[in-house]
1. For the range 161-186, enumerate the residues that are more than 16 Å from ligand 1 (Cβ to nearest atom), in contact (Cβ under 8 Å) with a residue 40 or more places away in the chain and not in a helix (DSSP H, G or I).
2. Looking at Ile70, Ile26, Ile16, which is the one that is of a type in the set (Val, Ile, Thr), modelled with pLDDT of 95 or more, part of a loop (DSSP other than H, G, I, E, B) and away from ligand 2 (no atom under 16 Å from the Cβ)?
3. Going through the range 131-147 one residue at a time, which ones are assigned to a loop (DSSP other than H, G, I, E, B), out of contact with any Gly (no Cβ under 7 Å at 6 or more places or on another chain) and either charged (D, E, K, R) or surrounded by 22 or more Cβ atoms within 10 Å (Cβ to Cβ) (or both)?
4. Taking only the range 207-231 into account, find how many residues are in contact with a strand residue (DSSP E or B) (Cβ under 6 Å, 6 or more places away or on another chain) and touching a residue at least 60 places away in the same chain (Cβ under 8 Å).
5. Any idea which of (1) over 30 Å from His118 (Cβ atoms); (2) open to solvent by 20 Å² or more (accessible area, probe 1.4 Å); (3) of a type outside the set (Phe, Trp, Tyr); (4) touching a residue at least 24 places away in the same chain (Cβ under 8 Å) is the one Glu234 doesn't satisfy?
6. For the range 84-112, name all the residues that are without any contact (Cβ under 8 Å) to a residue 12 or more places away in the chain and either under 19 Å from Leu129 (Cα atoms) or among the β-branched types (Val, Ile, Thr) (or both).
7. Quick test of your reading of the structure: Ile123 fulfils all but one of (1) over 20 Å from Arg88 (Cα atoms); (2) within 16 Å of ligand 1 (Cβ to nearest atom); (3) among the β-branched types (Val, Ile, Thr). Name the failing condition by number.
Amino acid sequence: MSDMVRAAVQVGPRQIELREFPRPQIGPDDGLLRVEANGICGSDVEIFKGHMGGGRTDAFIPGHEPMGIIEEIGDRAAERWGVQPGDRVALEVIVPCRACKNCLTGRYQSCRNRTIGHGVTGIDTAPSLYGGFAEHLYLTPNAVLHKIDKTIPAEIAVMFNPLGAGVRWAAHLGEIGLGDTVVVLGAGQRGIGAVIAAKAAGAGTVVITGLAADQHKLALAREFGADHTIVVGEGGEDVVERVREITDGEMADVVLELTPMAAGPLTDALLAARHGGTVVLAGLKGNREIPLRTDLIINRALTVKGAFGVDFAGQEAAIALIESGRYPLEKLHTHTYGLEDTALAIETLAGEVPGEDPVHVSVHPNLSA
Ligand SMILES: [Zn+2]
Ligand SMILES: [Zn+2]
């Protein structure tokens, strides 16, 4: 057992280098995770480019969707978390204080006493190993863990995060009911996750949009239950008109807006929803001001919700979907990389690697070890 831990450290925009850190000493209240896999999402791309995090210049280990095997665990931590060495767990980004009013009333994502975030905290905070792009991750006493069946291949089990987003945004925030018509704008891994969750929640007709370059993702979405796919963008179709045709003018009960950066889909989302429908917004627009027809929200009596990440309930339900074995999730996984290829993995998901059609990409830090 090496007493050093290798990690991919981001030292600046598009600059990731491998460094070694001392293996942390574990006490009664904490533990050490051997990271099996860490999924990559659109936020990783923005963080990699230096667009997120307010232009931070300090060094940190990215990777905020870590999953692995508990290698060491203190007695009290084992009891509190209900885990033992050898168990597989997924981690949430947020490490709440578990004591404040927000935490105690179930709003732990709003905890204001947070000092640690997985994939966020800098290496200057001991013992540095807070990100998923590392051989080991330090399990700090307040970390939020979810157990996952370890017989499931790592690249599938690590979909707990994109599927969790699908569950949280479509089923929970969208409050999808039996037979509901759902429109998902954006065919990334989370868009497809939303299709899976919508169908699992009992949706009737599910429609998903994507760019011409997303044809492989739209084909996958159909395999996972989407009834209609709409190609948008240059030369593409008019989303609102297509939804009108598909629904015979009824429009959608729930619309999810998941597209990155583009402003147009926001208006499409409002126009595609029925009177009294729900619109869930989860596509970040780079902090820009976006033109918004607020009259549509008023006159259609729409409920518009902002989706902030995945919460505990969403995560648990997604893990249940994965463990059910009912979905051919392996079809979503396109790329596996080792720790030394962390930057390449992020560039792949970003679509910067010619000839690659990524959907779900993950880094497996102990792959070559
Ligand atoms: Zn993410
Ligand atoms: Zn708190």
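1. If the condition is that a residue be more than 16 Å from ligand 1 (Cβ to nearest atom), in contact (Cβ under 8 Å) with a residue 40 or more places away in the chain and not in a helix (DSSP H, G or I), then Gly174, Glu175, Ile176, Gly177, Asp180, Thr181, Val182, Val183, Val184, Leu185 are the ones that fit.
2. Being of a type in the set (Val, Ile, Thr), modelled with pLDDT of 95 or more, part of a loop (DSSP other than H, G, I, E, B) and away from ligand 2 (no atom under 16 Å from the Cβ) holds for just one of Ile70, Ile26, Ile16, which is Ile26.
3. Residues satisfying the conditions are Glu135, Ala143.
4. Going through the range 207-231 one residue at a time, the tally reaches 1.
5. (4)
6. Thr105, the sole residue that qualifies.
7. Unmet for Ile123, out of (1) over 20 Å from Arg88 (Cα atoms); (2) within 16 Å of ligand 1 (Cβ to nearest atom); (3) among the β-branched types (Val, Ile, Thr): (2).
The values are calculated or read from the model by the stated rules, or taken from the named source; none is laboratory data. For clarity, every value in this text was computed on a predicted model and none was experimentally measured. With ideal geometry, Cβ positions are generated from the backbone for all residues, glycine too; neighbour counts draw on all protein chains shown. Surface areas here come from the heavy atoms of the whole protein model, side chains and all, with no ligands, DNA or RNA. Shrake-Rupley method; radii C 1.70, N 1.55, O 1.52, S 1.80 Å.
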